[in-house]
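The values are calculated or read from the model by the stated rules, or taken from the named source; none is laboratory data. Note that the coordinates shown come from a computational prediction; the quantities given were computed from them, not determined experimentally. Cβ placement follows ideal geometry from the backbone for every residue including glycine, while neighbour counts extend to all protein chains displayed.
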Amino acid sequence: MTRTLRNLPGYAFLTVAAVLSLFPLYFMVVSATNTSQDVLGSRLTPGTNLLQNVRDLFATADVRSAMWHSAVNAVATTLVALVVCSIAGYGFEIFHSKGKDRLMGVLLLAMMIPFAATMIPLFQLFADMGLTNSTLAVILPAVSTPFLILLFRQSSRNFPHEILEAARLDGLSELMIFARIYIPTMRSTYAAAATITFMAAWNNFLWPKVILVSPQYQTMPMLISNLTSGYVTNYGVLMLAVLLASLPTVVIFLVLQRSFAEGITGAIK
């Protein structure tokens, strides 16, 4: 009993923190069922305007196309980034050298440069290559990030080198070792990297807004931004669009949350 009372303040704090964290999600779901006036009035109970909001949203915006382009960009970016960054992290750690440590330091310093500082020259580069209004232009800047390379490098430190030596003695090439041994062993790291990359790619707004000039290539964040650009904003429709845009990332996180935690913990160790 004494132990329970001693832990009571901690439980109370965690309960308050959980409520505060979940409240924006609750308000978003509830607002999607209310009218714009109810949302502006901060109504906290579900309404009966959900079907009307759905009709208004699909009548004013091409939601299917935006969801499709967001899905293609996010999935493609995630798959390519996992391949590129895992190979880089594997090479940095398994074939360790002082030169690679210096190069890794340069990559980490690159993380301090804001994207806005490189956005204009990056746009000019892709424009000269004729890649504006293309999925490739959205994917390429995100396929190799210092954070993911560092994540795989740190996780690779726990990879048993004895297995590598045994596989090499058995005649396996480095590519076969990577595909047959490294990838299955690092499943949790891949899950963590996939979660981070997918969420970042799905929610990416600034770069797609710059490089995807034509409205027909808009993604969900761009669609949501366009819903607020008129003279009058229907906040019920806006919150419904935000809810639809949030569902894929929520599903991905819930499915991979255990592996995500294991992957992050393994990288820290």
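Condition first: loosely packed, with under 15 Cβ neighbours inside 10 Å, small (G, A, S) and under 31 Å from the mean Cα position of the chain (by Cα). Now tell me which residues in segment 13-42 satisfy that.
The answer is A17, A18, S21, S42.
Need the failing condition index for G130 against (1) out of contact with any helix residue (DSSP H, G or I) (no Cβ under 7 Å at 6 or more places or on another chain); (2) outside any loop (DSSP other than H, G, I, E, B); (3) of a type outside the set (F, W, Y), just the number.
Unmet condition: (2).
Which is within 30 Å of F253 (Cβ to Cβ), surrounded by fewer than 16 Cβ atoms within 10 Å (Cβ to Cβ) and of a type in the set (V, I, T), of V72, V138? Reasoning before the result, please.
Details: V138 fails: surrounded by fewer than 16 Cβ atoms within 10 Å (Cβ to Cβ).
Only one candidate passes the filter, namely V72.
Of the residues L172, L109, L136, only one is under 23 Å from Y90 (Cα atoms), within 22 Å of the chain's Cα centre (by Cα) and free of Cβ contacts under 8 Å to residues at least 12 places away in the same chain; which?
Details: L172 fails: within 22 Å of the chain's Cα centre (by Cα); L136 fails: under 23 Å from Y90 (Cα atoms).
L109 is the lone residue from the list that is under 23 Å from Y90 (Cα atoms), within 22 Å of the chain's Cα centre (by Cα) and free of Cβ contacts under 8 Å to residues at least 12 places away in the same chain.
Return yes or no: is P9 surrounded by 10 or more Cβ atoms within 10 Å (Cβ to Cβ), farther than 11 Å from V237 by Cβ, without any contact (Cβ under 8 Å) to a residue 60 or more places away in the chain and not hydrophobic (A, V, I, L, M, F, W, C)?
Details: surrounded by 10 or more Cβ atoms within 10 Å (Cβ to Cβ): no; farther than 11 Å from V237 by Cβ: yes; without any contact (Cβ under 8 Å) to a residue 60 or more places away in the chain: yes; not hydrophobic (A, V, I, L, M, F, W, C): yes.
No.
If you go through segment 219-241 one residue at a time, do you hit one that is more than 24 Å from N49 (Cβ to Cβ) and part of a loop (DSSP other than H, G, I, E, B)?
Yes - at least one qualifying residue is present in segment 219-241.
Say whether the condition of being more than 30 Å from G47 (Cβ to Cβ), at pLDDT 85 or above and basic (K, R) is met by at least one residue in segment 247-261.
Checked against the condition, which is being more than 30 Å from G47 (Cβ to Cβ), at pLDDT 85 or above and basic (K, R), segment 247-261 yields no hits at all.
Taking only segment 63-85 into account, find how many residues are more than 18 Å from P141 (Cβ to Cβ) and touching a Leu at 6+ places or on another chain (Cβ under 8 Å). Step through it out loud before you land on a result.
So in segment 63-85, the residues more than 18 Å from P141 (Cβ to Cβ) come out as 63-68, 71.
From what's left, touching a Leu at 6+ places or on another chain (Cβ under 8 Å): 63, 66-67.
So the count comes out to 3.
Please give the number of the condition M104 fails out of (1) in contact with a Lys or Arg (Cβ under 9 Å, 6 or more places away or on another chain); (2) without any contact (Cβ under 8 Å) to a residue 24 or more places away in the chain; (3) closer than 14 Å to A88 by Cα; (4) hydrophobic (A, V, I, L, M, F, W, C).
Only one criterion is unmet by M104, namely (2).
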